[in-house]
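**Q** A single structure is presented below for examination.
Please treat every number below as a calculation from the coordinates, not as lab data. Everything numeric here is computed off the predicted structure, so don't read it as measured data. When we count neighbours, we look across all protein chains shown, and the Cβ atoms used for this are built from the backbone with ideal geometry, even at glycine.
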């Protein structure tokens with residue numbers, strides 16, 4: 001893996017211990033910071049990704065910028081839901097209290113946070129993430145991030161993060177394991193406004209969704225499979241997904257495949 005783990009320049013014994021633990025989890029080297037800059041470490045160690053453990057949390061320094069956990073649009077979307085506004089993803093999933101969701105492409109967990117907020121304590125959200133670096137950052141972020149809005153914080157803590165490739169993970173699951181299976185692949189055409197996602201694109205899985213995997217997802221889902229794409233994408237047509245949900249002016253749409261079992 002093209003990664004090393006280190007600490008911030010101002011560090012403590014606790015952060016060093018944690019950094020070494022994370023390095024073991026990822027099976028990569030821990031490197032003492034010794035007041036070196038990120039660029040100097042990258043040049044010396046010949047690694048593109050420097051994962052830093054500090055009081056700000058876990059930050060992956062990539063050639064495309066810094067990758068770290070944050071609420072992104074999740075907080076605004078939850079506030080809109082509280083105000084009685086619709087969320088296209090929630091509508092596409094017909095998501096309700098107590099349901100279970102397998103989020104196959106967790107990323108920074110923005111969608112998973114919404115899912116967890118809706119399904120509540122009685123429901124379940126499991127997030128799969130193919131990138132070990134992203135999975136590590138998000139797992140720590142969901143456990144450590146603090147907000148005054150307790151309903152949001154509870155939603156964060158409920159999400160289970162698994163480092164796994166959904167293409168193989170789905171094959172291992174029994175029929176009807178989850179109410180909803182959700183897939184949000186890296187868009188074939190990135191949204192220009194999403195410049196803050198460029199660091200994640202550097203470490204992400206860029207493979208397109210294959211028809212046979214959709215078949216497996218449908219087998220695993222009790223109610224439906226939902227796939228997210230840009231509104232100009234031809235992926236729904238390629239995958240023969242006919243039912244599409246999305247706002248007139250939304251930059252993304254959601255293709256829905258009902259399980260019909």
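**Q** Working out 0.36 nm times the residue gap between residue 240 and residue 222, then minus their Cα-Cα distance, what length gain in nm do you get to one decimal? If you can, show how the numbers build up before the last one.
**A** On the way: separation 18, 0.36 × 18 = 6.48 nm, distance 2.00 nm.
So the chain would gain 4.5 nm between residue 240 and residue 222.
**Q** How far is helix 132-144 tilted off the main Cα axis of the chain, in degrees rounded to 10, range 0 to 90?
**A** Between helix and principal axis, roughly 90 degrees.
**Q** Something else: More than 22 Å apart: what percent of Cα pairs in the range 1-127 qualify? Please list the in-between numbers first.
**A** Details: 3966 of 8001 pairs.
Percent of Cα pairs beyond 22 Å in the range 1-127: 50.
**Q** Sticking with this one: If a paramagnetic tag sat 7 Å from the Cα of residue 160 along the Cα-Cβ line, which residues of the range 75-114 would have the backbone N under 20 Å from that point?
**A** Counting backbone N atoms under 20 Å from the label point, the list is 96-114.
**Q** Kindly provide the Kirkwood hydrodynamic radius of the chain in Å, to one decimal, from all pairs of distinct alpha carbon atoms.
**A** Numbers: mean 1/r = 0.0519 Å⁻¹.
Result for the chain, one decimal place: 19.3 Å.
**Q** Please list the three semi-axes, largest first and in whole Å, of the ellipsoid equivalent to the range 76-136, using sqrt of 5 times the eigenvalues of its alpha carbon gyration tensor. Before the final figure, lay out each step's value.
**A** Working: eigenvalues 90, 34, 18 Å².
Semi-axis lengths for the range 76-136 are 21, 13, 10 Å.
**Q** Here is a follow-up. In Å, the Kirkwood hydrodynamic radius of the range 206-261 over pairs of distinct alpha carbons? Intermediate results must be reported in sequence, preceding the final value.
**A** On the way: mean 1/r = 0.0850 Å⁻¹.
For the range 206-261, the Kirkwood estimate is 11.8 Å.
**Q** Moving to a separate point now. What is the chain's relative contact order, in percent, from Cα pairs under 8 angstrom and six or more apart in sequence?
**A** Working: 472 pairs, mean separation 40.6, N = 261.
This gives 16 percent for the chain.
**Q** Right, another one. Quick one: angle between helix 13-26 and the longest Cα principal axis of the chain, in degrees between 0 and 90, rounded to 10, please.
**A** 50 degrees
**Q** Rounded to the nearest 0.05, what FRET efficiency do residue 122 and residue 2 have when you use their Cβ-Cβ distance and R0 = 45 Å?
**A** Numbers: r = 41 Å, r/R0 = 0.92.
After rounding, the FRET efficiency stands at 0.65.
**Q** Please list the radius of gyration and Dmax for the range 3-55, considering alpha-carbon atoms only, with Å as the unit.
**A** So, for the range 3-55, Rg and Dmax equal 10.0, 27 Å respectively.
**Q** Applying 1/(1 + (r/R0)^6) with R0 = 30 Å to the Cβ-Cβ distance of residue 249 and residue 79, what FRET efficiency is obtained, to the nearest 0.05? Intermediate results must be reported in sequence, preceding the final value.
**A** Details: r = 19 Å, r/R0 = 0.65.
Calculated transfer efficiency: 0.95.
**Q** Once label points are set 7 Å from the Cα along Cα→Cβ at both residue 96 and residue 38, what is their separation, rounded to one decimal in nm?
**A** Taking the two extended label points, one gets 4.6 nm.
**Q** Provide Rg and Dmax in Å for the range 33-100, with only Cα atoms included in the calculation.
**A** Considering the range 33-100 through its Cα atoms, Rg and Dmax are 19.3, 53 Å.
**Q** So what is the 222 nm mean residue ellipticity for the chain from helices alone, if each DSSP H run of at least 4 adds -39500 (n - 2.57) and you divide by all residues, rounding to the nearest 500 deg cm²/dmol? The partial results should precede the final answer.
**A** Working: 11 runs with 96 residues, N = 261.
-10500 deg cm²/dmol, from helical runs alone.
**Q** Rounded to the nearest 10 degrees, what's the angle between the helix 211-220 long axis and the longest principal axis of the chain, both from Cα atoms, 0 to 90?
**A** 80 degrees
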